[in-house]
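Reviewing the structure listed below.
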Amino acid sequence: MPPTTTTRRPARVTLSTAVLGLVLTSCSATTHTGTNQTGSPAQTTAGEGLPSDHVHGVAFNPADDKVYLATHDGLFRYDETGPVRVGPVIDLMGFTSAGPDHFYASGHPGPGVDMANPVGLIESTDAGQTWSTLSREGQTDFHTLTASTAGVTGFDGTAVLSTADGQAWTTLEPQVATFALAASPDGTTLLVTSQSGPARSTDAGTTWDVDTDAPLLQLAFFTDDQTVVGVAPDGGVFLSTDAAATWELRGSVEQAPQAVTARTRPEGELEILVVTERGLRRSIDSGTTFTDGEQDR
């Protein structure tokens, strides 16, 4: 992997309120389509291969080596035939993977789903087939979630909250208008994206620094405690190898991101997935180049 260099912005690009509002409120602006609840293939309604107009999360599942999309129309798994619905229809506004078959989510129940609205923090340990409520049911709709071995951190549109056990919550104060969250696997480093620039904590959220020299990021994801992928509102893909202290521009997906995830391939390069309006974009060279779709995996 090439050395990391700090990328400076000669002219700061503003992450507009319109862009943020579109993503955060998209759950109320679409019509439910997709599959029925029997696991049949989904009807494509958005970009190529996407099962829903709005995708709120993407994750690799180490248990089955499949890609999962959390959407307005529920959770979908990419099989050989395309995206297939998994589990009940829940508008999964917040979604994060915590390990093999282990997901956390938040959002709103679909028709016929017997859950509080909003669902609060929910957990699945069978890859989304079933979900159990942990806390804050009927109270909180987390717009973004991130998980680590230290617990779960979420943003509900007003406050950033953190829990070690899924029950008791602590309010964090990153001092920026939070958009998205990312945590290192050990939970030590937290990253908040915002219109003011990324806010970074290296003590699990106790203190924060806003990095005005960093690229303006919309989404970010840690693949390990030091390696972070960030995606800008214009689709620029950045890489950090020092826990978000400095960044290097690698490539572009050419559109605003809806979701991002990444993992390290055996040869050391990163496999990065970015969901855009165009569809699912994939890189196997640490973000330098991207191809369309899941079918090439």
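Annotations for the structure displayed:
- The residues listed here are D296, D292, D225, D211; of these, the one that is at pLDDT 95 or above and open to solvent by 40 Å² or more (accessible area, probe 1.4 Å) is D225.
- Flag if D126 is touching a residue at least 12 places away in the same chain (Cβ under 8 Å) and among the acidic types (D, E): yes
- Against the conditions (1) open to solvent by 10 Å² or more (accessible area, probe 1.4 Å); (2) aliphatic (A, V, I, L, M); (3) under 28 Å from A63 (Cβ atoms), V274 satisfies every one except (1).
- Listed conditions (1) under 26 Å from A98 (Cβ atoms); (2) not in a loop (DSSP other than H, G, I, E, B) are all met by D242, apart from (2).
- Being in contact with a strand residue (DSSP E or B) (Cβ under 7 Å, 6 or more places away or on another chain), modelled with pLDDT under 90, open to solvent by 40 Å² or more (accessible area, probe 1.4 Å) and not in a strand (DSSP E or B) is a description that does not apply to Q43.
A quick yes/no check of all residues on (1) under 20 Å from the mean Cα position of the chain (by Cα); (2) open to solvent by 10 Å² or more (accessible area, probe 1.4 Å):
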| residue | (1), (2) |
| --- | --- |
| A63 | yes, yes |
| A70 | yes, no |
| P83 | yes, yes |
| F95 | yes, yes |
| P111 | no, yes |
| D126 | yes, yes |
| S132 | no, yes |
| E137 | no, yes |
| F155 | yes, yes |
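- Those residues of segment 72-81 which are part of a strand (DSSP E or B) and open to solvent by 20 Å² or more (accessible area, probe 1.4 Å), in sequence order: R77, D79
- Selection within segment 159-174 - in a loop (DSSP other than H, G, I, E, B) and either touching a residue at least 60 places away in the same chain (Cβ under 8 Å) or within 20 Å of the chain's Cα centre (by Cα) (or both): A159, A164, G166, P174
The values are calculated or read from the model by the stated rules, or taken from the named source; none is laboratory data. Just so it is clear, the structure is predicted and the values come from calculations on it, not from any experiment. Cβ: placed from backbone, ideal geometry, glycine included. Neighbour counts: every protein chain shown. With ligands, DNA and RNA removed, areas are computed over all heavy atoms of the protein, side chains included. Shrake-Rupley method; radii C 1.70, N 1.55, O 1.52, S 1.80 Å.
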